[in-house]
1. Restricting attention to segment 357-378, which residues are out of contact with any Asp or Glu (no Cβ under 8 Å at 6 or more places or on another chain), surrounded by fewer than 14 Cβ atoms within 10 Å (Cβ to Cβ) and part of a loop (DSSP other than H, G, I, E, B)?
2. Output the number of the condition that SER340 fails; it satisfies all remaining conditions of (1) buried (at least 19 other Cβ atoms within 10 Å of the Cβ); (2) touching a Gly at 6+ places or on another chain (Cβ under 9 Å); (3) closer than 30 Å to CYS253 by Cβ.
3. Considering each residue of segment 163-188, count those that are among the hydroxyl-bearing types (Ser, Thr, Tyr) and either within 22 Å of GLU105 (Cα to Cα) or crowded, with 24+ Cβ neighbours inside 10 Å (or both), and give that number.
4. Can you name every residue in segment 104-125 that is touching a strand residue (DSSP E or B) at 6+ places or on another chain (Cβ under 6 Å) and either part of a loop (DSSP other than H, G, I, E, B) or free of Cβ contacts under 8 Å to residues at least 40 places away in the same chain (or both)?
5. I'm checking my understanding of the structure. Among residues of segment 212-240 that are among the polar types (S, T, N, Q) and either part of a loop (DSSP other than H, G, I, E, B) or at pLDDT below 95 (or both), which one is surrounded by the most Cβ atoms within 10 Å (Cβ to Cβ)?
6. Confirm whether LYS64 is part of a loop (DSSP other than H, G, I, E, B) and either charged (D, E, K, R) or open to solvent by 10 Å² or more (accessible area, probe 1.4 Å) (or both).
7. Yes or no: ARG110 at pLDDT 95 or above and open to solvent by 60 Å² or more (accessible area, probe 1.4 Å)?
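The values are calculated or read from the model by the stated rules, or taken from the named source; none is laboratory data. All of these numbers come straight from a predicted model, not from anything done at the bench. Heads up, the Cβs are rebuilt from the backbone with ideal geometry, glycines too, and the neighbour counts pull from every protein chain shown. Keep in mind that these areas ignore ligands, DNA and RNA; they rest on the heavy atoms of the full protein, side chains included. Shrake-Rupley method; radii C 1.70, N 1.55, O 1.52, S 1.80 Å.
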Amino acid sequence: MDARPKVAWAVVFLFGLSSGAFGAEQADRPPAPPTAESLTRAATAAGFRVRKAAADLPAAARSKLVFQAANYDDPLLAHLRQEYRLEEVVAGAEDEWGKQLLLKEWVHDRIPGGTPKVNVRHAAEILEQAAKGETFWCTYYAITYTECALALGWQARKIGVDRNHGPEGAGSTHHGVSEVWSNRFRKWILIDPQSNLHFEKDGVPLSAWEIRAEWLRNGGQKVDHVVGVPPRAEKRNPAIVWWKRADEDETACYFWLYVSDHALAPEGDRGVKFLFPQDDANKDLVWYQNAGENGEKHRGYRHDLFVPTQRIEDVYWTVGIVEPRIASATDGTIRLGLDSYCPNRTAYEIARDDGTWEAISGASFEWQPKSGVNVLKLRTVSAGGVTGPVATLRLEIE
């Protein structure tokens, strides 16, 4: 170590969030995450001679809008886990994405399609009635997938989509689907359990917004419509069970979309709003719904449910990504503050020099590099044993 006087850095870290709700106060949080340059400065201030530094940090984004995540211990979710043995449903997969696909197929197989004749609201009720032969529309499949995913500890949400219909709703194809957060792909992925379907481009699954972008770009020509679970998965087009249009690809169904601002709908949907992303393609248009019913505007307008935004991070925030901040550097120690939007977080974990993962207490950590190559990995852990994407810091010290 260098014998020069040490320079202390001011403590500026923010503590991590375990709450399931977020809003405007969490969207803009300086200072910036570590870079190779700032990590080098910190190590130098701590008294080290640095040969090389690197920071491999997954991109993180926060919403300025309000979203209410679900509590892992919510009685509705606990009942689903136990009654339907959901851990066993997905146990045959090797990784999280494989499990999310197995859940998609399971929901598809459990629910018969058709017009509902019973009044139900949540997944357990839907599954109970489905077992008796009752039939359901797309939105009930989406509710069931979303709530079962939440019960397994994944972040999921229900969304509504529609094509760019004609005047006053002519040709509207209003559809209910789900999105689930993938820690493997570090993004939201569209799941259509009614059709046992998801969409991919170059082997990477897509979100609803990405599907929309592909349709706007070239009519969805480069999008694969994937039905089922590997190794039995197959590409079909059309794949949506009710799609009848021959004049356009079914990715057209994703022109309009909203995200419900509650992961788990409260009784009577009290207080539920729809996060409504807009851009140059739709900001001057009006979304109609259910053509043939007097050409009504979407109920999001009629009941003041839409929360419009042209900031895509307001709808496509990230989940479970560690956001480290250099808090101080002095006397051979770099102190890191850790933050993350991670509902139901149980701990932060670190791994030193490619070693085993260990939980740390609180939301800060003191790193004491040694001579040679130092590798520090960080991740979140949330209820259900879900681990977030890995952030990595590297320092090579003389």
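1. If the condition is that a residue be out of contact with any Asp or Glu (no Cβ under 8 Å at 6 or more places or on another chain), surrounded by fewer than 14 Cβ atoms within 10 Å (Cβ to Cβ) and part of a loop (DSSP other than H, G, I, E, B), then SER361, GLY362, GLN368, LYS370 are the ones that fit.
2. (3)
3. To start, the set of residues in segment 163-188 that are among the hydroxyl-bearing types (Ser, Thr, Tyr) comprises 172-173, 178, 182.
Add one more test, that the residue is either within 22 Å of GLU105 (Cα to Cα) or crowded, with 24+ Cβ neighbours inside 10 Å (or both), and what stays is 178, 182.
The number of residues fulfilling the criteria is 2.
4. Our first condition is that a residue be touching a strand residue (DSSP E or B) at 6+ places or on another chain (Cβ under 6 Å); within segment 104-125, this holds for 104, 111, 116.
Those that are touching a strand residue (DSSP E or B) at 6+ places or on another chain (Cβ under 6 Å) and either part of a loop (DSSP other than H, G, I, E, B) or free of Cβ contacts under 8 Å to residues at least 40 places away in the same chain (or both): ILE111, PRO116.
5. Keep residues of segment 212-240 that are among the polar types (S, T, N, Q), which gives 218, 221, 237.
With the extra rule that they be either part of a loop (DSSP other than H, G, I, E, B) or at pLDDT below 95 (or both), the set shrinks to 221, 237.
Values: GLN221: 10, ASN237: 14.
Selected residue: ASN237.
6. Answer is yes for this residue.
7. Numbers: at pLDDT 95 or above: yes; open to solvent by 60 Å² or more (accessible area, probe 1.4 Å): yes.
Considered against the rule, which asks whether it is at pLDDT 95 or above and open to solvent by 60 Å² or more (accessible area, probe 1.4 Å), ARG110 comes out as yes.
Yes or no, residue by residue, for (1) more than 23 Å from the chain's Cα centre (by Cα); (2) at pLDDT below 95:
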{"site": "ARG311", "(1), (2)": "no, no"}
{"site": "ARG335", "(1), (2)": "yes, no"}
{"site": "ALA347", "(1), (2)": "no, no"}
{"site": "ASP353", "(1), (2)": "yes, yes"}
{"site": "TRP357", "(1), (2)": "yes, no"}
{"site": "VAL373", "(1), (2)": "yes, no"}
{"site": "VAL381", "(1), (2)": "no, no"}
{"site": "GLY385", "(1), (2)": "no, no"}
{"site": "GLY388", "(1), (2)": "no, no"}
